[in-house]
Each structure stands twice: as C-alpha cells, then as structure tokens.
Amino acid sequence: MHSVECPASSCDCNYTGANNEVCHGRLARPGHAPVPVSLNVLHELTSDTERRDFLAAASNMAKFSSANVERLEGVVTTQTPYMIVTGLPVNGSLLEFIRVRFIVLAIVVILCCQ
C-alpha cells in the first residue's frame, strides 16, 4: 500500500468545484523517493450518483497509456474522501499551456493586422 500526503497546511489546490478539489500532493512508495502528484479529491457530502461519476472518470483514465495524457497512479476508495491520484504533467497544466499560447497568438494576430 502506498501513502498519499497532502497536509492541509501546505496543500496547494488549483481548483475547487461543487463536488471536488484538485490539489498537489506527494505519493510515497516503499523504496522510492516521494513524487509530486495531482489529487482530485471528492467532497465527502456527495450523492451516490456523483460518487459513481467520479469513479467512472477514474476508470476512463485507467484506459489511457500515453506520454501526452496524465497517468493514473491510483484511486483511494477505502477511506473518505475518495481521491483520484494522477502523475503531474511533465510540461505543467494543459490549461496553463493553452493560456500562455493563446496570449502569444493574440499578440501575433494584433501585430499582423495593424
């Protein structure tokens, strides 16, 4: 069994939604150095349907094996809150990647159209 750490005092949450939060944590495996991971944490007061949808998302993630897709490291269902643990993308968040590229593209378009 592996250990997932996200101390409340130092947990860096990128997103807080109605049913979940996405935070950075650390995955500790026996004999290995802890690695940074992304934790998709399901709020404890959710309906059965929301829990099923959450677990279905984890099941879909498990089907992918590509360097361009977040790697599913594990799912915590033996205790609450439920968590989906994924490896952090090597190049950072896709949303941040798109934001930076969109700003650069917008500047190029503005300069070209003058």
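Nothing in this text is a laboratory measurement; each read-out follows from the coordinates by a stated rule. Being a predicted model, the structure only gives us computed values, none of them experimental. Cβ: placed from backbone, ideal geometry, glycine included. Neighbour counts: every protein chain shown.
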Dividing the alpha-carbon radius of gyration of region 19-62 by 2.2 N^0.38 Å, where N counts its residues, gives 1.40
Between Ser66 and His43, the two model label points (7 Å from Cα along the beta-carbon direction) sit apart by a distance in nm of 3.2
Here the FRET efficiency for Asp53 versus Leu88, based on Cβ atoms and R0 = 22 Å and rounded to 0.05, is 0.40
Two pseudo-spin positions, 7 Å from Cα along C-beta at Thr80 and at Ile103, lie apart in nanometres by 4.0
Simple spin-label estimate for Cys113/Val35, 7 Å along Cα→Cβ, in nm, reads 4.4
